[in-house]
Ligand SMILES: [Zn+2]
């Protein structure tokens, strides 16, 4: 599943190739992903130029001329790639924007948990589902103090707080596990038993793991490609995620896997408390 760093890497790779390009034609091949694909507003994108490509959490926001923004979420298996227009349509290619210059921007999504919809640019962040997103972990506004504030009055495991997109937008399972490892916090530690310095440390490690993953080009677990369709170019060094039974890189004890709130969770019983 693409997580925030993968979406940011995709954004950076696509933006320079999309900016200034005009959409000539829109083709919709399925009725619905996670929600129906609305033919009329998507079709009305024809004739408009891309201005810039932004990101909020795991949503990509393509601002177009005429105050329209195309919002795309890749769900579990979505891929957004720019390919030659003449390339035959692939299985699961649900939406295609044919651009001037002979390319098309295509959205493939075998599992169809993704989303694509159009909103007026001015209100796009204030309307659902984007309005419900918590603070953006990158960009300078976020710190561990935000986590401490969000934890007040709650008793859930710290990992559940990190994965709550209404608290912080888009950290995801991989990076939650890695940030908790680096912060030395057990994933199941209740949030009402974490001191302010430990929250600050956790905030710093969240930012660090996301920024390192972006710098490395995203974590290629599966179903991830950058905007040019290249796969498997990069791999972030993961300390605990997916490594049950392997030695902890810090203390050598075996990494343990548990299921927390329905998600696979990896941690070191030696150095996470
Ligand atoms: Zn350890």
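The values are calculated or read from the model by the stated rules, or taken from the named source; none is laboratory data. Note that the structure is a prediction, hence the values are computed from the model and not measured. Note that each Cβ is placed from the backbone with ideal geometry, even for glycine, and that neighbours are counted across all protein chains shown.
Restricting the search to segment 1-21, which residues are more than 8 Å from the chain's Cα centre (by Cα) and assigned to a helix (DSSP H, G or I)? Correct list: 9, 10, 11, 12, 13, 14, 15, 16, 17, 18.
Exactly one residue among 229, 252, 264 is more than 16 Å from the ligand (Cβ to nearest atom), surrounded by fewer than 18 Cβ atoms within 10 Å (Cβ to Cβ) and either assigned to a strand (DSSP E or B) or at pLDDT 95 or above (or both), and that residue is 264.
Listed here are the residues, each with its yes/no results for (1) modelled with pLDDT under 95; (2) in contact with a strand residue (DSSP E or B) (Cβ under 9 Å, 6 or more places away or on another chain).
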position	(1), (2)
23	no, yes
48	no, yes
76	yes, no
83	yes, yes
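Scan segment 42-56 for residues that are in contact with a helix residue (DSSP H, G or I) (Cβ under 8 Å, 6 or more places away or on another chain) and within 14 Å of residue 23 (Cα to Cα) and the total you get is 2. Scanning segment 5-33 for residues that are over 18 Å from residue 108 (Cα atoms) and surrounded by fewer than 20 Cβ atoms within 10 Å (Cβ to Cβ) gives 12, 15, 16, 17, 19, 20, 21, 22, 24.
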